[in-house]
Structures are given as C-alpha cells and as structure tokens.
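**Q** My structure is below; once you've seen it, I'll send some questions.
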Amino acid sequence: MALSDDAAPTALFLVHGWGFTPDFWQPVRARLGRVETTMLDFGFFGPENMTARPAGRHVAVGHSLGALWLLLNPSPDCVGMLLINGFTRFGATSDYPQGIPRRVIERMMRGLEQHPDDVVATFRGRAGIAPPAPGPARAARLDWALELLRDADARGILDGEAGAALPPIRVLAGGEDPIAPPAMVEAGFRDHIPVEWIEGGGHLLPLTHPDRCAAAIAGLMAEAGRP
C-alpha cells in the first residue's frame, strides 16, 4: 500500500527484533514506496547503529524486541507508533505470569556463550523462518538484548501522565504467535491500547503479512499529517 502523493511528509523509523537485521523490513518498505526511512540496527550480525534517528517528525514502527525498545525510548518527535508482534514486557514475573519464564531466557543466554549460531537458528526456526541467518551471530549483542527482554518492563509507561504524553499507538498482533502469544499481548496492553489481531498470523507479520503492516503504517502516517 504505497502512500499517496498528498500524504504527509512524515519520516519513518524502523526497529527490528531479536535475531534479525534491518533487512527484515524490506517487504514492508517495498510496499510503502518513496518514504524517508531510518533504521536502527541492534548489531546482532554486524556493526550496531544504535544512534540512528530521523531528523524530525516521524512514525516509529517496532517489531517484537523493537516494539519494547520504542516504548522504553520514546522520542518527542514521534507522532505515531506501530508495535508489531510486540509486548510491554517479555519476561515473566509474579504479577505477570503470561511472560516467558526467566529460566528459558537464561538458558538461551548460557547457550550464546558456546554456540551462538545454534541459539539464533533455533529461535528463528521457532519464529517461522528457515536458515540461513544473516551472518555469524554476535553473542555479546544478542546477550545484551536477552537481558533487556528478561528484565525490561514498559507496562507502567502506558499509565497515567506518562501514557498521556505518548503519541497515538497501534498494536498489530498474530493470533498464532509462538514467541509473543495472545495471552502475553493481552495482559500487557489490556485497558490501554486495542490490539488488531491477524487471525492465523505468527511472529513475523512484516514478512508474512507485509500488505497488512504497510497499510497500518500508511494509516498512521496519514493520521499524523492531518491538522
């Protein structure tokens, strides 16, 4: 769904998930046409680029870990946010049993010490993508991100004054997501943000449903351009 010629000249900021690179966004970008785009790179398979930011007003789109990162690092220039296969917290706690158990995440962290490529391959396979990975895994960067997934909590960001200061947020989720299952998504966004469900969708909606993702982005960008 390419943006129309009279759409707002809002830039796009894309943040990928764990075990991926900015190339993950290629199918969605191809459907959006000519849009000024900046992409963060966590550096899981090459040099990181954590300082990449659009110069001004922008719509931010995050996938999985990228969605959590955007909630934790809101920009004053962000005028709309789309969270795809996202969550407000990944790791389980006593008041959030819908999350992934700590032992599961820490088992992946231990695996990275000896066999990082195998850990990445196993995760990507469970997420729904066949090998090969984009390149040799950088264990230190992947471990840093797993620690973030284990401990970070953005639930409170959606409450009260903090939530009121955020830009419009949309959530796009897969009804059959094996990594961020519906119970996790619902527990994190309940009473705050409605979730748009893609029936039968998995964890890689930008790859499996790029038209749906592009349409959601285009809608947010058009909304941001209205007076």
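**Q** Based on what the data block shows, is residue 61 assigned to a strand (DSSP E or B) and either loosely packed, with under 14 Cβ neighbours inside 10 Å or of a type outside the set (Lys, Arg) (or both)?
**A** So residue 61 passes the test.
**Q** Same structure again: What about residue 66, is it under 20 Å from residue 214 (Cα atoms), assigned to a strand (DSSP E or B) and in contact with a strand residue (DSSP E or B) (Cβ under 9 Å, 6 or more places away or on another chain)?
**A** no
**Q** Another question, if that's okay. Exactly one condition in (1) in contact (Cβ under 8 Å) with a residue 12 or more places away in the chain; (2) touching a helix residue (DSSP H, G or I) at 6+ places or on another chain (Cβ under 8 Å); (3) more than 17 Å from residue 63 (Cα to Cα) is false for residue 162; which is it?
**A** Going through (1) in contact (Cβ under 8 Å) with a residue 12 or more places away in the chain; (2) touching a helix residue (DSSP H, G or I) at 6+ places or on another chain (Cβ under 8 Å); (3) more than 17 Å from residue 63 (Cα to Cα) one by one, residue 162 breaks only (1).
**Q** Please enumerate the residues belonging to segment 109-142 that are closer than 21 Å to residue 16 by Cβ, open to solvent by 50 Å² or more (accessible area, probe 1.4 Å), in contact (Cβ under 8 Å) with a residue 24 or more places away in the chain and part of a helix (DSSP H, G or I).
**A** Passing the criteria: only 126.
**Q** To continue, here is another question. Would you check which residues across segment 154-177 are under 25 Å from residue 210 (Cβ atoms) and open to solvent by 50 Å² or more (accessible area, probe 1.4 Å) and list them?
**A** Of everything in segment 154-177, those that are under 25 Å from residue 210 (Cβ atoms) and open to solvent by 50 Å² or more (accessible area, probe 1.4 Å) turn out to be 168, 170, 176.
**Q** If I ask for residues that are crowded, with 16+ Cβ neighbours inside 10 Å and over 26 Å from residue 23 (Cα atoms), which ones from segment 143-153 would you list?
**A** Hit for segment 143-153 is 153, nothing else.
**Q** Criterion first (more than 15 Å from the chain's Cα centre (by Cα), at pLDDT 95 or above and not in a loop (DSSP other than H, G, I, E, B)) does residue 223 satisfy it?
**A** Here the answer is no, as residue 223 does not meet what is asked.
**Q** What residue, of 45, 87, 13, 20, is surrounded by 17 or more Cβ atoms within 10 Å (Cβ to Cβ), assigned to a loop (DSSP other than H, G, I, E, B) and touching a Pro at 6+ places or on another chain (Cβ under 7 Å)?
**A** Of 45, 87, 13, 20, the one residue that is surrounded by 17 or more Cβ atoms within 10 Å (Cβ to Cβ), assigned to a loop (DSSP other than H, G, I, E, B) and touching a Pro at 6+ places or on another chain (Cβ under 7 Å) is 45.
**Q** Can you tell which of 71, 82 is over 18 Å from residue 223 (Cα atoms), at pLDDT 95 or above and either open to solvent by less than 10 Å² (accessible area, probe 1.4 Å) or in a loop (DSSP other than H, G, I, E, B) (or both)?
**A** Going through 71, 82 in turn, the sole match is 71.
The values are calculated or read from the model by the stated rules, or taken from the named source; none is laboratory data. All values derive from a computational prediction rather than experimental measurement. Every residue, glycine as well, gets a Cβ built from its backbone with ideal geometry; the counts of neighbours run over all protein chains shown. Side chains included, ligands, DNA and RNA excluded: accessible areas come from the protein's heavy atoms. Shrake-Rupley method; radii C 1.70, N 1.55, O 1.52, S 1.80 Å.
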